[in-house]
Amino acid sequence: MVATGSLSSKNPASISELLDGGFHRGSLLNDFDYWDYVVPEPNLSEVIFEETTCQNLVKMLENCLSKSKQTKLGCSKVLVPEKLTRRIAQDVLRLSSTEPCGLRGCVMHVNLEIENVCKKLDRIVCDSSVVPTFELTLVFKQESCSWTSFRDFFISRGRFSSGLKRTLILSSGFRLVKKKLYSLIGTAVVEER
């Protein structure tokens, strides 16, 4: 049965038309009452909370890259593809949704892969008051063939070069590895995008 706007208002005239057509009155009213209570209203607070959590995670990732650029990467600029950190944050939220403590139980190890070598950048603990239930290892990838890497190579050999002139360009690809800490098997989920 398809409910229309006129029927959902429980208009007695509309109901009497249906009864004349052979519908049983008791089942018709029960159907409408059932759908009045069962159809959930969208929970806007959950949507807002998830969006806020995603934005906070994006900021954490960007701060990690910002802190690492001079200390661990030895460069002055890190160029990140548009929406890369947002895509990663959404994947992290999706992977944490099935965990007992959700994102609060996550410890994330952030790495950068340069020429098949992983360099550790940072360790992010989402909530230090919660015992971690799973680990995520995030691996950013360097853009393999970019003209700026060649340009920086030639500029660094010049007499006016400084140690921090290099620009690092990240690829739009990344790898996420999830490891459950509470499982005896230690299940690992690897996602590459």
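Within segment 59-82, residues that are more than 12 Å from residue 124 (Cβ to Cβ) and at pLDDT 90 or above reach partners that are part of a helix (DSSP H, G or I) and open to solvent by less than 90 Å² (accessible area, probe 1.4 Å) with beta carbons closer than 6 Å, at six or more positions or on different chains, in the pairs 78/65; 78/69. For residue 153, the conditions (1) open to solvent by 30 Å² or more (accessible area, probe 1.4 Å); (2) of a type in the set (Phe, Trp, Tyr); (3) modelled with pLDDT of 80 or more all hold with the exception of (3). Filtering 171, 129, 96 for residues that are touching a Gly at 6+ places or on another chain (Cβ under 7 Å) and at pLDDT 90 or above leaves a single hit, 96. Being open to solvent by 60 Å² or more (accessible area, probe 1.4 Å), touching a strand residue (DSSP E or B) at 6+ places or on another chain (Cβ under 6 Å) and modelled with pLDDT of 90 or more is a property that residue 141 lacks. Is it fair to say residue 137 is of a type in the set (Ser, Thr, Tyr), in a helix (DSSP H, G or I) and in contact (Cβ under 8 Å) with a residue 12 or more places away in the chain? So residue 137 does not fit the description; no. When segment 48-79 is limited to residues that are of a type in the set (Gly, Ala, Ser) and touching a Leu at 6+ places or on another chain (Cβ under 9 Å), the one that is surrounded by the fewest Cβ atoms within 10 Å (Cβ to Cβ) turns out to be 74. Being open to solvent by 90 Å² or more (accessible area, probe 1.4 Å), modelled with pLDDT of 90 or more and not in a loop (DSSP other than H, G, I, E, B): is that true of residue 120 here? For residue 120, the condition - open to solvent by 90 Å² or more (accessible area, probe 1.4 Å), modelled with pLDDT of 90 or more and not in a loop (DSSP other than H, G, I, E, B) - is met. Per the conditions (1) on the phi > 0 side of the Ramachandran plot; (2) at pLDDT below 90, the sole criterion not satisfied by residue 32 is (1).
The values are calculated or read from the model by the stated rules, or taken from the named source; none is laboratory data. The model shown is predicted, which means the values in this text are computed figures rather than measured ones. Cβ: placed from backbone, ideal geometry, glycine included. Neighbour counts: every protein chain shown. Please note that ligands, DNA and RNA were not included when accessible areas were found on the heavy atoms of the full protein model with its side chains. Shrake-Rupley method; radii C 1.70, N 1.55, O 1.52, S 1.80 Å.
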